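Before any comments, here is the structure.
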Amino acid sequence: MPKSKHRLKKILKFGPIYALTLLSLTGYTAADTFLVSHSIATVKASKTTSSTAATVATNATSTSTSYKDDNISITIKTETVNNTKVYVADIVVSDSSYLKSALAQSTYGTNITETTSDQAEDVDAIFAINGDYYGYRNDGYVIRNGTLYRSTAGDEDVLGIDSNGNMASYDPSEYTAQELIDKGIVQAYSFGPTLVENGKVVVSDSDEVGQSMSSNPRTAIGQVGENHYIAVVSDGRTSESEGLSLSELAQVMVDNGATYAYNLDGGGSSTMVLNGKVINNPVGGGAGNSTGSERAVSDILYIGYKEQGS
Amino acid sequence: MKSSVIKWSIITVFWIVALNIYNHFGHGVYSNFMNFVWIPSAIMIIVRLLFTKMDRIASQLLVASAWTLSIGMFLKGVFDIANTSNNLIYLYPFLGIILLAGGIIRIPYAQHQ
């Protein structure tokens, strides 16, 4: 075969071969990001259990919107803010260690998910909200119940909860994950932004998560005082509820007495569970975002007696 | 040359339609990578208009570069909107730029022939 003809044949083959390579790379990258589970660690017994928190109260009373026993008091009220249904949970605990975290399937990793209500059931949670969906990203500190799972810094401020149950934001460019552990942080969530500090709204009307500039379902956690917390979940993306902007969410927090508040994963992930029942109208069901359909997420933040891995 | 310009115009329109469909279901979340996904194919229209004489190697390298960059930008846009990431995404600009450089180097060679 003449040399030029042989060369031409080679060139003609480059197109289809490269196209196939590109398609394979794209398929693999998409599957690796959205589908393939990577288990990295199994949740072990917590390092934060206090002797007080180990005792389960027996005289509990509960309704569809409240729970009360000797150690834990939770009351959920529903408000309408800007044509949006907002669920505000007022939580008072006798010991901060009743505020805990759980990971889906008791495993740290990527694409390992369970719905908030299933995770809540796994740990006998009295009350639960979705967390920061850490498994959807490659960065952002992950410290749960005193164990450091991920030390790669993200861009947003980190919510740190110390062993006394106090919440504050930390700039990951100023603190390493280990430094946060050394400071006594037992839970670190990386989503944000910080909504309220010292009782004042610290997000502007134009602040948003990533490139988002619209109203959405939201989840946020805040602190009113010692062992006194506020969790807010709003509906959104439905004809009944438009959703909240971050500044509106922050204002709800301040109006309910929060001195500090932090935005967690929202959108289809936003879910609030009390006594095993979903309180809000999640829109996480994928196609069509049908109301009432929960999205499976990486983690939850909950109030309860049982600890994951114990 | 004319058929190439028409082909890349259709591809550019395809990307514009694709990004608009994706943005429609994006709940108001946007990504600049997604918004500008049509740029590599639009550049291919200009390249085809400027360099009418191009050999097969240069052409294939530039075509591969345009598709690599466009698909990479679209995928990065999807990841941005979903608020997720994957380190493999950096392969796309790496490959795209190498192919682009190869194509650009090859263009004058064809002009001399």
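Note that chain B presents 53 Å² accessible area per residue, ligands and nucleic acids not counted, probe 1.4 Å. The figure for A:Glu226 is an accessible area of roughly 150 square angstrom, using a 1.4 Å probe on the protein chains alone.
Ordering B:Met34, B:Met73 by how much accessible area each has at a 1.4 Å probe, largest first, what is the list?
Result, largest first: B:Met73, B:Met34.
With 28 Å as the limit, the listed pairs A:Lys68/A:Lys183; A:Lys85/A:Lys277; A:Lys85/B:Lys76; B:Lys7/B:Lys76 have A:Lys68/A:Lys183; A:Lys85/B:Lys76 beyond it between alpha carbons. In chain B, what percent of the accessible surface is made up of carbon and sulfur (1.4 Å probe, ligands and nucleic acids excluded)? C and S fraction of accessible area: 74 percent.
Remark: accessible surface ordering of B:Ser65, A:Ser39, A:Ser215 (largest first) is A:Ser39, A:Ser215, B:Ser65, probe radius 1.4 Å. An oblate overall shape is assigned to chain B, the ratio a/c of its alpha-carbon gyration tensor axes (a ≥ b ≥ c) being 1.5 or greater and a/b not exceeding b/c. Of all aspartates and glutamates in the structure, those lying under 12 Å Cα to Cα from A:Lys200, and not within fewer than 8 positions of it along the same chain, are A:Asp255.
Using a 1.4 angstrom probe on the protein heavy atoms only, could you order A:His38, A:His228 from most to least accessible area?
Reading off the accessible areas and sorting them downward yields A:His38, A:His228.
The contact between chain A and chain B removes approximately 2400 Å² from the accessible area (both sides summed; 1.4 Å probe; ligands, DNA and RNA excluded).
With 10 Å² as the minimum drop in accessible area between chain alone and full protein complex (1.4 Å probe), the qualifying residues in region B:86-103 are B:Asn86, B:Asn87, B:Leu88, B:Leu91, B:Tyr92, B:Leu95, B:Leu99.
Counting only residues at least eight positions apart within a chain, or on another chain, the aspartates and glutamates with an alpha carbon under 12 Å from that of A:Lys100 are A:Asp124, A:Asp162, A:Asp299, A:Glu307.
Residues of region A:20-34 that bury at least 10 Å² of accessible area once all protein chains are present, compared with their chain alone (1.4 Å probe, heavy atoms only, ligands and nucleic acids left out), are A:Leu22, A:Leu25, A:Thr26, A:Tyr28, A:Thr29, A:Ala30, A:Asp32, A:Thr33, A:Phe34.
Remind me, relative contact order of region A:42-303 in percent, using alpha carbon pairs under 8 angstrom and six or more residues apart? Working shown, then result.
Working: 700 pairs, mean separation 64.9, N = 262.
It comes to 25 percent, rounded to a whole number.
Averaged over the residues of peptide A:169-178, the number of Cβ atoms from other protein chains lying within 10 Å of each residue's Cβ is 0. Determine the shape class of region A:42-303: with a ≥ b ≥ c the square roots of the Cα gyration tensor eigenvalues, call it rounded for a/c under 1.5, and otherwise prolate if a/b is greater than b/c, oblate otherwise. Judged from the Cα gyration tensor, region A:42-303 comes out rounded (a/c under 1.5). Remark: the Cα gyration tensor places region A:113-226 in the rounded category, a/c being less than 1.5. Accessible surface for A:Tyr98 stands near 0 Å², nearest 10, in the context of the full protein assembly shown (1.4 Å probe).
The values are calculated or read from the model by the stated rules, or taken from the named source; none is laboratory data. Since the structure is predicted, the reported quantities are computational estimates derived from the model, not experimental observations. Glycine gets a Cβ as well: all are built from the backbone with ideal geometry, and neighbour counts include every protein chain shown. The protein model used for the area step is the full one, side chains on, heavy atoms only, and it has no ligands, DNA or RNA in it. Shrake-Rupley method; radii C 1.70, N 1.55, O 1.52, S 1.80 Å.
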